[in-house]
Amino acid sequence: MNDTAIQALGLSAGYGGREVLQDVSLSLKAGEILCLIGHNGAGKSTLLRVLFGLHRPSAGNMRVFGQMPANYTPAALGAAGVALVPEGRGVFPDLTVDEIFGLALWSAGVAKSAQRERIEEVLEVLPRIREFRTRRAGTLSGGQQQMVSIGRALLTRPKVLLLDEPSIGLAPKLFQDLIRPIATLRETRGMAILLVEQNVREAFAISDRVLVMRSGKFIFEGAPSDLDDHAKLMELF
Amino acid sequence: MLFLQLLLQGIQTGALYALTAAGFALIFGATRIFHFAHGTAFTIAGYVFLACWRIDQPVLGALAAIAAAVLFGLGMERFVYRPIQRHEGSFFTVFVAAFGVAVVVQNLVGMIAGRGFASVDTSLSMAEEVLPEIFLAPIFWVAISVAVVLFAALSAFLTRTHAGVALRALAQNPDLLRAYGLSSNRLSMLAFAVGSAMVAPAAILTAMTTGLNEAVGHHVMLISMAATIVGGVGSLRGAALAGLMLGVAESVALQFVDTQWAEGVSFLVLFAFIIFRPSGIFGVAQTR
């Protein structure tokens with residue numbers, strides 16, 4: 001099996017004639033955690049939307065484990081093993097956690113007989129979800145909602161997890177509690193993670209590699225330790 | 001006794017209003033499309049049933065009425081609303097397009113089936129004295145039963161099936177639904193199919209009771225819209241309850257006003273809600 005989880009070449013994308021991504025190429029290996037940082041409007045979320053088929057690129061192509069997806073739709077990329085945890089609270093406030101999980105399993109086409117096992121898998125990684133499975137997502141705290149959002153994505157057993165700023169609105173400790181169990185999945189399942197994050201310190205602690213984006217282009221690629229020097233990081237921003 | 005008679009008639013009418021209002025509320029709640037041609041689905045379903053009844057095919061007629069309403073709803077979603085939305089058309093564009101279709105269909109029905117009232121003769125609508133001075137036809141019980149069963153089925157569909165839960169999710173955040181890998185276009189079509197199917201039983205029962213005319217859809221639409229607002233936008237049970245309430249209000253008002261003012265009573269109720277409780281019965285008050 002090809003160990004490159006995602007290989008994107010020359011991706012360009014924009015909105016209404018304004019180009020947000022400019023000829024971006026990236027490679028994400030199986031089992032790797034790649035952290036993508038950049039200021040607001042740099043194009044990070046757009047890149048994730050393109051990689052999950054929510055936004056069609058104007059140029060370029062991508063492969064998932066060496067295969068071209070059947071088409072650039074969330075359904076096709078989901079079937080290829082990609083899952084996205086979108087920015088903000090990726091839950092439906094009037095649905096219960098169980099309903100959200102049921103919806104995710106249904107959309108992924110998981111057989112009814114296998115659904116209980118999938119949910120148990122997620123609850124092993126994020127056990128606190130057991131405490132509020134029957135509650136409406138809108139009544140949960142920000143951290144609990146983010147947990148549900150990530151748990152929903154894990155139900156599809158993704159090989160590639162795209163996380164868009166999961167720390168927004170969360171205390172650093174809460175973010176650590178949330179992200180560390182996810183990070184272990186790269187070791188246990190070989191899952192690749194592309195993490196867009198503003199909380200640089202916490203994100204660097206679990207990442208293998210860092211990409212810095214500015215104005216739709218990558219301007220730096222290296223190990224997190226390369227950016228330990230605060231001055232250098234500030235210079236890039 | 002007159003009051004009780006009018007109340008029972010109102011419950012029968014209200015049960016049918018509840019069905020059409022629930023269908024409209026489902027479509028509007030899930031897709032945020034103001035489907036003004038919802039009443040047109042009612043007209044089409046009713047006249048399809050009438051045509052089949054006249055060739056002694058009532059069962060086929062009921063099935064064909066449901067199919068016709070569903071096809072009309074799907075056609076509106078696919079060929080009218082979706083192209084408008086693709087070009088980011090405004091609420092007003094959607095309204096005018098739907099209104100135009102409604103007028104065209106009304107005229108076509110008038111040309112094909114003839115203008116004026118048409119109904120079917122059935123023993124189900126023959127009233128009998130069940131209590132002194134109280135007359136009820138068997139269709140009363142049919143209307144109530146159909147409304148209760150269909151509303152229970154719709155509630156079960158929305159809470160116990162994945163497709164139903166997905167429709168509720170569509171109402172809350174269509175963009176997020178795409179991140180779940182679901183197609184909001186397909187779910188929108190499902191909302192139109194289910195919502196439009198809800199009008200067919202009401203149209204059939206109306207054909208058996210008060211009868212139909214080519215303009216009946218406008219009245220149905222106005223009632224559905226009023227019930228959706230009175231019930232609380234986004235609440236199916238609110239729309240159904242409000243539909244029932246408006247039917248009862250229209251009927252009971254006949255004790256005090258002439259028949260031609262009955263429809264106005266529904267709008268008095270609507271205005272009262274807009275002024276005193278704009279969020280409706282089950283709606284949540286919005287703050288600016």
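When the criteria are applied in full, B:Phe271 fails the requirement of being of a type in the set (A, V, I, L, M, F, W, C), out of contact with any Phe, Trp or Tyr (no Cβ under 6 Å at 6 or more places or on another chain), within 20 Å of B:Ser155 (Cβ to Cβ) and part of a helix (DSSP H, G or I).
Residues that are buried (at least 16 other Cβ atoms within 10 Å of the Cβ) and either among the charged types (D, E, K, R) or in contact with an Asp or Glu (Cβ under 8 Å, 6 or more places away or on another chain) (or both) within region B:119-155 comprise B:Leu136, B:Ala137, listed in sequence order.
Filter region B:181-190 for residues that are at the interface with chain A (Cβ under 9 Å from one of its Cβ atoms), on the phi < 0 side of the Ramachandran plot and surrounded by 22 or more Cβ atoms within 10 Å (Cβ to Cβ) and give the result. First the steps, then the outcome.
Taking region B:181-190 and keeping what is at the interface with chain A (Cβ under 9 Å from one of its Cβ atoms), we get B:181-183.
So of that shortlist, the ones also on the phi < 0 side of the Ramachandran plot come out as B:182-183.
Once the filter is applied, which keeps residues that are at the interface with chain A (Cβ under 9 Å from one of its Cβ atoms), on the phi < 0 side of the Ramachandran plot and surrounded by 22 or more Cβ atoms within 10 Å (Cβ to Cβ), region B:181-190 yields only B:Leu182.
Restricting attention to region B:212-245, report how many residues are of a type in the set (Ser, Thr, Tyr) and in a helix (DSSP H, G or I). The number of residues fulfilling the criteria is 2. If you check A:Ala42, A:Ala70 for being at pLDDT below 90, farther than 24 Å from B:Ala169 by Cβ and in contact with a helix residue (DSSP H, G or I) (Cβ under 9 Å, 6 or more places away or on another chain), only one passes: A:Ala70. Screening the candidates A:Leu154, A:Leu161, A:Leu178, A:Leu170 for the property of being of a type in the set (A, V, I, L, M) and in contact with a strand residue (DSSP E or B) (Cβ under 6 Å, 6 or more places away or on another chain) yields one hit, A:Leu161.
Condition (residue is free of Cβ contacts under 8 Å to residues at least 60 places away in the same chain and either touching a His at 6+ places or on another chain (Cβ under 6 Å) or polar (S, T, N, Q) (or both)) applied to region A:76-91: is it met by at least one residue? No - not one qualifying residue is present in region A:76-91.
Residues A:Arg209, A:Arg152, A:Arg128: which one is at pLDDT 85 or above and touching a Phe, Trp or Tyr at 6+ places or on another chain (Cβ under 7 Å)?
Working: A:Arg209 fails: touching a Phe, Trp or Tyr at 6+ places or on another chain (Cβ under 7 Å); A:Arg128 fails: touching a Phe, Trp or Tyr at 6+ places or on another chain (Cβ under 7 Å).
Going through A:Arg209, A:Arg152, A:Arg128 in turn, just one is at pLDDT 85 or above and touching a Phe, Trp or Tyr at 6+ places or on another chain (Cβ under 7 Å): A:Arg152.
Scoring B:Arg178 on the criteria (1) assigned to a loop (DSSP other than H, G, I, E, B); (2) facing chain A (nearest Cβ under 8 Å) leaves a single failure, condition (1).
In region A:8-89, which strands (runs of 3 or more DSSP E) lie fully inside it and hold 1 or more residues that are within 30 Å of A:Ser141 (Cα to Cα)?
Numbers: elements: A:18-29, A:33-38, A:59-64, A:82-85.
Where strands (runs of 3 or more DSSP E) fall fully within region A:8-89 and carry at least 1 residues being within 30 Å of A:Ser141 (Cα to Cα), they are A:33-38, A:82-85.
Please work out if A:Gly43 is without any contact (Cβ under 8 Å) to a residue 24 or more places away in the chain and not β-branched (Val, Ile, Thr).
Numbers: without any contact (Cβ under 8 Å) to a residue 24 or more places away in the chain: no; not β-branched (Val, Ile, Thr): yes.
No; evaluated as a whole, the condition is false for this residue.
Residues in region A:90-122 that are crowded, with 16+ Cβ neighbours inside 10 Å, more than 9 Å from chain B (Cβ to nearest Cβ) and hydrophobic (A, V, I, L, M, F, W, C): A:Val97, A:Phe101, A:Val110, A:Ile119, A:Val122. The number of residues in region B:54-107 being free of Cβ contacts under 8 Å to residues at least 60 places away in the same chain and among the β-branched types (Val, Ile, Thr) comes to 8.
From B:Gly29, B:Gly14, B:Gly10, grab the single residue that is modelled with pLDDT under 95 and under 30 Å from B:Asn173 (Cβ atoms). Full working, then the answer.
Details: B:Gly14 fails: under 30 Å from B:Asn173 (Cβ atoms); B:Gly10 fails: under 30 Å from B:Asn173 (Cβ atoms).
Sole residue among the options that is modelled with pLDDT under 95 and under 30 Å from B:Asn173 (Cβ atoms): B:Gly29.
Of all positions in region B:111-132, none carries a residue that is within 26 Å of B:Val194 (Cβ to Cβ) and of a type in the set (Gly, Ala, Ser).
Evaluate region B:117-132: report whether one residue or more is closer than 25 Å to B:Phe36 by Cβ and either touching a helix residue (DSSP H, G or I) at 6+ places or on another chain (Cβ under 8 Å) or outside any helix (DSSP H, G or I) (or both).
To start, the set of residues in region B:117-132 that are closer than 25 Å to B:Phe36 by Cβ comprises B:117-118.
From what is left, the residues that are either touching a helix residue (DSSP H, G or I) at 6+ places or on another chain (Cβ under 8 Å) or outside any helix (DSSP H, G or I) (or both) are B:117-118.
Yes, because at least one residue in region B:117-132 is closer than 25 Å to B:Phe36 by Cβ and either touching a helix residue (DSSP H, G or I) at 6+ places or on another chain (Cβ under 8 Å) or outside any helix (DSSP H, G or I) (or both).
Any residue at all in region B:4-13 that is over 30 Å from B:Ala253 (Cβ atoms) and in a helix (DSSP H, G or I)? The answer is no; no qualifying residue exists.
The set of residues in region B:66-100 that are under 14 Å from B:Ala193 (Cβ atoms) and aliphatic (A, V, I, L, M) comprises B:Ile66, B:Ala67, B:Ala68, B:Ala69, B:Val70, B:Leu71, B:Leu74, B:Met76. Count of region B:84-116 residues, restricted to those that are under 13 Å from B:Leu212 (Cβ atoms), part of a helix (DSSP H, G or I) and not β-branched (Val, Ile, Thr), is 3. Looking at B:Arg160, is it within 14 Å of chain A (Cβ to nearest Cβ) and surrounded by 18 or more Cβ atoms within 10 Å (Cβ to Cβ)? Here the answer is no, as B:Arg160 does not meet what is asked. For region B:181-211, residues that are without any contact (Cβ under 8 Å) to a residue 60 or more places away in the chain and in a helix (DSSP H, G or I) total 3.
The values are calculated or read from the model by the stated rules, or taken from the named source; none is laboratory data. Quick caveat, the model's predicted, so the values are computed rather than measured. We place every Cβ from the backbone using ideal geometry, glycine too, and count neighbours over all the protein chains shown.
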